[in-house]
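The values are calculated or read from the model by the stated rules, or taken from the named source; none is laboratory data. Everything quoted here is computed from the prediction, not taken from an experiment. Cβ: placed from backbone, ideal geometry, glycine included. Neighbour counts: every protein chain shown. Only protein heavy atoms, including side chains, enter the accessible area calculation; ligands, DNA and RNA are left aside. Shrake-Rupley method; radii C 1.70, N 1.55, O 1.52, S 1.80 Å.
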Amino acid sequence: MSEAASNPPAATARSSELWRSLRRLLREPLGLFGLGLVLLVIFGAIFADFLTQWDPTRINPRDRFLGPSGEHLMGTDQLGRDLFSRVLHGGRIALYVALVSTAVSLAIGIVLGLIAGYGPRWLDNLMILLFDAMKSFPTVMLALALVTIMGPSLTAVMVVVVLVNVPGYARIVRTQTIAIKSSEFVTAAQSMGASTTRILGVHIMPNVIGPLVILASMDIPVVIAIEAGMSFLGLGVRPPTPSWGSILNDGFAQIRETPWIAIAGGVPIIITTLGFTFLGETLRDVFDPRLKGR
Amino acid sequence: MLNYAVKRLGLAVAIVSLAMFLLFCMIYLVPGDPASVALGPRATDAMKEALRIKMGLDQPIWVQFWHFFTGAWTGDLGEEVLSGRPVLDVVLEQLPFTLVLIAGGISWSVALGIPLGCWAAINRGSFADRLVGVLSVAVIAVPSFVIAIYALLIFAVTLQWLPAIGAGEPGDPGDQLVHLILPSLAVGLGWVGYIARMVRASMLEVLEASHIRTARAFGLPENMITYRYALTIAILPTITLLGVGIGQMLSSAVFAEIVFARPGVGKLVYDAILTRNFPVVTGAVLVTTVIFVLLNLVADLIVGALDPRVRSSF
């Protein structure tokens, strides 16, 4: 007999609760707007090859600095590359960095947080100090220092994101772990001789992961801003790979003569960060009102 | 209070020490040889070896760490690769420009954020409240370098109302102020949102408090209740927020300095990376980190002095 069938009332209650939350999300105009923007960006990134005939990296010297037209929807840049195509493909980079580095940050944050919350007191104090020290570097300064050593690359961007995100996630997991570890079901598991790994993995982790995932989804605009910002400074994605930040940098160099390049680089960053933020704020209010205002 | 201050100061020292350790680990344990990085790809092995000895990279790692650590605490951050000037002097020379920029950012965020938050709290649930809420979230979400470039494009390039580059003529405060408007807006706009949200939330809390009800019962004018009795208390959490905020504004300031070609620590580090001036990068990171930790310390001490509950729970 499956677990869901052995306990049908609870399972039904859970899924109907999820449905109620989703319906409430769709009733919130701001959440719906955010969802629309996010879907637009995802759609553009996935179907980039079908939405435009232009290759994002093909240099075409005769078509340099063309303004927006029917043929080139957003114009072309200083190398004659189609900007619309570069913007769509830049979305792939942004979403890839956001997903991978958020997942890695979550994994590391959960492990460190569980250790700090469940481990001995001295280890907890030491790790809190470590998290505070990591958080005390201003983000851009940390990024600049790291790139000086590692050299500019997509990996460097992701390392920066992980270093910036992990301390916050680990602190939340730690607080939740401490709150849960003295509750009755954990004491019961301990007295039945469950191993530490089992207690952490089966009993504590499922209880801390929900609010953490919501908070992590709210950090996605920050991650996208870090990628775009580092690429804007020429310290992230290497040319000719398209990134919104590097398009913005190309446009910045020519801002007086050909402003459409800077506009093409900035608009997708604004759409994406606004979309994820509106969606994240609404999701948080709908699923977990306790987190409101964080 | 003294007990709290000493403990909090001890924590700050521990955090800075650990941050130095982490920075050291980053520099020396991440693959890549600082000497090769500093000299570039065309350097000969003999040149690299000479620089390695000069930088002390031939010594055992704990000796290197001890030198770095004691040097950093006594203000010796090494020498600039090209000119041989002490790094601390180079960084401190640029620091005032950045601090002025951040002060400008704070002015924007306080001048716009506090009235907006107040207004939203008084008109709770109205259209104005919702509008302020959405706008706050929006300005927080959009990265500051996008705001910087669009502000440059709109106000300096298209409308030509304000200058686009530089920090203004030295010795001409009026000119410097005009040059400060756009960059500081880019630095502070996001914080308008944070402060408006914070002030709104704490205003709503304070307006429910019993001393406000008493003031109403005595028939004091509503404006006096709002600004004299509620806002003065509701503003307290904003102080802590600003302590954290200045650190983040430091990040935005790097972008603003580069976009508006202003002197400052951000521009210094950026140029140092392009010219492989490695000690300047670490030195500037350390100095800004210490400032960030100090500001948090000051913010905590101010709140601790104002609110006994914070002191006792530490």
To check my understanding: the extent here is largest minus smallest coordinate of the Cα atoms along each principal axis. What are those three numbers for chain B, in Å, largest first?
83, 56, 36
How are the alpha carbon pair distances in region B:226-265 distributed across 10 Å bins from zero to the largest one, expressed in percent?
27, 29, 23, 18, 3
Calculated [θ] (222 nm, deg cm²/dmol) that DSSP helices of n ≥ 4 give over the protein assembly as shown, each run adding -39,500 (n - 2.57):
-24500 deg cm²/dmol
Return the FRET efficiency for the residue pair A:V111, B:T70: r is the Cβ-Cβ distance, R0 is 22 Å, and the value is rounded to the nearest 0.05.
0.05
Rounded to the nearest 100 Å², what is the buried accessible area between A and B, both sides summed, probe 1.4 Å?
4100
Return the loop-located chymotrypsin sites (Phe, Trp or Tyr not before Pro) in region A:29-80 (DSSP other than H, G, I, E, B) with at most 15 other Cβ atoms within 10 Å of their own Cβ; answer none if there are none.
A:F47, A:F65
By accessible area of protein heavy atoms, probe 1.4 Å, what ranking do B:M249, B:M47 get, highest first?
B:M47, B:M249
Over region B:45-126, what percent of the accessible surface lies on carbon and sulfur atoms, probe 1.4 Å?
66
Taking every residue of B:15-22, the Cβ atoms of other protein chains inside 10 Å of its Cβ average out to 5
Unit charges on C-beta of K, R, D, E only; dipole of region B:95-274, Debye
580
Using a Cα-Cα cut-off of under 24 Å, which lysines could be cross-linked to B:K7, ignoring same-chain neighbours fewer than 8 residues away?
A:K135
Given a 1.4 Å probe and every protein chain left where it sits, what share in percent of the accessible area of chain A is carbon and sulfur?
65
Hey, with R₀ at 41 Å, roughly what FRET efficiency would B:L159 and A:A103 work out to, going by the Cβ-Cβ distance, to 0.05?
0.40
Could you check the spin-label model distance between B:D45 and A:A189? Points 7 Å from the Cα along Cα→Cβ, value in nm.
5.7
In nm, to one decimal, how far is the modelled label at A:L18 from the one at B:T232, with both set 7 Å along Cα→Cβ?
5.4
Percent relative contact order for chain B, counting Cα pairs under 8 Å at least six residues apart, stands at 26
Per residue of B:288-300, what is the mean number of Cβ atoms on other protein chains within 10 angstrom of that residue's Cβ?
2
Mind giving me the nanometre distance, one decimal, between the label points for A:I128 and B:N3, set 7 Å out from Cα along Cα→Cβ?
1.7
Ranking request for peptides A:145-154, B:125-134: highest mean number of other beta-carbon atoms within 10 Å first, then the rest in descending order.
A:145-154, B:125-134
Rounding to the nearest 20 debye, state how big the charge dipole of chain A is about its Cα centre with +1 on each Lys and Arg Cβ and -1 on each Asp and Glu Cβ.
520
Accessible area per residue in Å² at 1.4 Å probe, computed on region A:32-288
41
Other chains near B:246-253: what is the mean number of their Cβ atoms within 10 Å of each residue's Cβ?
4
Could you provide, to the nearest whole Å², the per residue accessible area of region B:95-274 with probe 1.4 Å?
44
Estimate the FRET efficiency between A:F50 and A:S153 by the formula 1/(1 + (r/R0)^6), using the beta-carbon distance for r and 41 Å for R0, to the nearest 0.05.
0.90
